[in-house]
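We did not get these values from a lab; they are worked out from the coordinates using the rules stated. Since we're looking at a predicted model, the values are computed, not measured. Cβ: placed from backbone, ideal geometry, glycine included. Neighbour counts: every protein chain shown.
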Amino acid sequence: MDLTVERLLEAYPKGIFPWTENPVTWWSPDPRGILPLNRLHVSRRLERTIKGGKFRFTVNQAFEEVIQGCAEPGPGREQSWIGRAFLKAYRDLHERGFATSYEAWHGDQLVGGIYGVKIGRFFAGESMFHRVRDASSAALVYAARSLTQEGCRLFDLQMVTPHTARFGAMEIRRAKYLKILRPSVL
């Protein structure tokens, strides 16, 4: 299976996403990590940072830079899971209106962001990055609040990490996930 826009748009509404690119593998974990938008938890410290104006937020103003930031290897790693095939696939999705980035800026510098797949009232967060403290967290909060205002029904995280758990992320069984997913992608 290839990483084309058509294949991705077929897979995501079925709860499947690409896991690796060489070879291309597809995954639908059970349980599934989601961020219930009606139960978003933001620490007081992070809320003060956001309200204090440290960051300026935008949507789709720097998709290329966000995905490149996410593709940079993290500390202690020589490679990123986001390779050339992933970069091309999600750029193509973005050009077709199905991938979105939420950016955090400090002055004129992009310092963090998150990107993901957006279909109907569904958002699948793919990856996020930061270059200064709290930038990815602030971008995640901005994304969640923006998606809530747009009527998003499902914020898919694929897996819960210690970082996303602090925001209220939780795991649900695949059967329940698929039940929520179907009306969200229409």
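Which of Thr25, Ser43, Pro73 sits closest to the plus end of the dipole of the stretch 1-92, meaning its Cα is farthest towards the positive end, when Lys and Arg get +1 and Asp and Glu get -1 on the C-beta? Highest projection toward the positive end goes to Ser43. For the stretch 41-186, taking Cα atoms only, Rg and Dmax work out to 15.0, 44 Å respectively.
Only Cα pairs under 8 Å and 6+ residues apart enter the sum, and on that basis the relative contact order of the stretch 32-186 stands at 34 percent.
Kindly provide the Kirkwood hydrodynamic radius of the stretch 1-69 in Å, to one decimal, from all pairs of distinct alpha carbon atoms. All intermediate terms of the calculation are to be shown ahead of the outcome.
Working: mean 1/r = 0.0635 Å⁻¹.
Across the stretch 1-69, the inverse of the average 1/r is 15.8 Å.
When the alpha carbon gyration tensor of the stretch 1-122 is reduced to an equivalent ellipsoid, the three semi-axes, largest first, read 27, 18, 15 Å. When the trypsin sites (Lys or Arg not before Pro) in the stretch 70-156 are filtered for DSSP coil states and for at most 14 other beta-carbon atoms within 10 Å of their beta-carbon, the remaining sites are Arg77, Arg96, Arg133. Go through the stretch 23-107 and name the GluC sites (Glu not before Pro) that are in a DSSP coil and have 12 or fewer other Cβ atoms within 10 Å of their Cβ. Sites meeting the loop and neighbour criteria: Glu78.
Two decimals, Cα atoms only, Kirkwood Rh: what is Rg/Rh over the stretch 133-186? Don't skip to the end; give the middle numbers.
On the way: Rg = 12.3 Å, Rh = 12.4 Å.
Result: Rg/Rh = 0.99.
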